[in-house]
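S.K.: Okay, handing you the structure first.
The values are calculated or read from the model by the stated rules, or taken from the named source; none is laboratory data. Predicted model only: the values in this text are computed from it and were never measured. With ideal geometry, Cβ positions are generated from the backbone for all residues, glycine too; neighbour counts draw on all protein chains shown. Protein only, heavy atoms only, side chains kept; ligands, DNA and RNA dropped before computing areas. Shrake-Rupley method; radii C 1.70, N 1.55, O 1.52, S 1.80 Å.
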Amino acid sequence: DAKTTQPPSMDCAEGRAANLPCNHSTISGNEYVYWYRQIHSQGPQYIIHGLKNNETNEMASLIITEDRKSSTLILPHATLRDTAVYYCIVRERDNYGQNFVFGPGTRLSVLP
Amino acid sequence: DAGVIQSPRHEVTEMGQEVTLRCKPISGHNSLFWYRQTMMRGLELLIYFNNNVPIDDSGMPEDRFSAKMPNASFSTLKIQPSEPRDSAVYFCASRRLAGGTDTQYFGPGTRLTVL
């Protein structure tokens, strides 16, 4: 079972920041927060992951609360091509290749 | 890098026929995953391999499904006989064990329609 809760859908105006929340109140100390997205008809795409510090890459920023019970994915300047389903996943980082459990995610619609 | 390659991209078949889906993982990756996605059930893991060895096949729905990984660069998912309820998009993903970001990279998927 997915260990996260996300809103089913969100809208964002093109050019504005998209802030996607995720609750993971039962996260354990050695579990990471991962974000993937799936653009229509494509395979899921990795975005970013983090443990407790905020992270930033060329795609997005990840803000994790101090108690680690929630996080926010930020797309700083959303474009129409960012319209997708965004999945927040928590899991341990390991060397055994275990699976990611994908929940229903948040369907983000970027509007012109 | 070409990414994960899947073939065919689309498959339409009739109930009772055998279907074989193919996957070529990213070179250097040694962990491979097969997922299935439907509107009703979302994205669910079927089976995964580490170093060509099946580790967890608990997600394989029934004996009609089988998966093999004869070498590090090729895997197949076979459905025999196929049924209309097998219609879905099947994704293959790969990652590199022991190092890296633990990130799985997904292929474009195979859209299977069983009539």
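S.K.: Could you give me the residue pairs with C-beta distances under 9 Å whose first residue belongs to the range A:12-26 and is open to solvent by 80 Å² or more (accessible area, probe 1.4 Å), whose second residue is aliphatic (A, V, I, L, M) and part of a strand (DSSP E or B) wherever it lies, and which are 6+ apart or on separate chains?
M.R.: These pairs meet every condition: A:14/A:110; A:14/A:111; A:16/A:110; A:26/A:90.
S.K.: Which condition does residue B:59 not pass, out of (1) under 22 Å from residue A:42 (Cβ atoms); (2) at pLDDT 90 or above, if it passes all the others?
M.R.: (2)
S.K.: Name the residues in the range B:20-57 that are open to solvent by 60 Å² or more (accessible area, probe 1.4 Å) and either assigned to a strand (DSSP E or B) or touching a residue at least 60 places away in the same chain (Cβ under 8 Å) (or both), would you?
M.R.: Listed by number, the residues that qualify are B:22, B:24, B:53, B:54, B:55.
S.K.: Can you find a residue in the range A:82-92 that is free of Cβ contacts under 8 Å to residues at least 12 places away in the same chain and within 13 Å of another protein chain (Cβ to nearest Cβ)?
M.R.: Checked against the condition, which is being free of Cβ contacts under 8 Å to residues at least 12 places away in the same chain and within 13 Å of another protein chain (Cβ to nearest Cβ), the range A:82-92 yields no hits at all.
S.K.: Are there any strands (runs of 3 or more DSSP E) wholly within the range B:58-115 with 2 or more residues that are surrounded by fewer than 21 Cβ atoms within 10 Å (Cβ to Cβ) and more than 13 Å from chain A (Cβ to nearest Cβ), and if so which?
M.R.: B:65-71, B:74-79, B:110-114
S.K.: Taking only the range A:65-91 into account, find how many residues are within 16 Å of residue A:34 (Cβ to Cβ), open to solvent by less than 10 Å² (accessible area, probe 1.4 Å) and over 11 Å from the mean Cα position of the chain (by Cα).
M.R.: Of the residues in the range A:65-91, 1 are within 16 Å of residue A:34 (Cβ to Cβ), open to solvent by less than 10 Å² (accessible area, probe 1.4 Å) and over 11 Å from the mean Cα position of the chain (by Cα).
S.K.: What pairs can you find where one residue is in the range A:29-58 and closer than 20 Å to residue B:9 by Cα and within 12 Å of another protein chain (Cβ to nearest Cβ), the other is of a type in the set (D, E, K, R) and open to solvent by less than 40 Å² (accessible area, probe 1.4 Å), and their Cβ atoms are less than 6 Å apart, with a gap of 6+ or different chains?
M.R.: The qualifying pairs are A:45/A:37.
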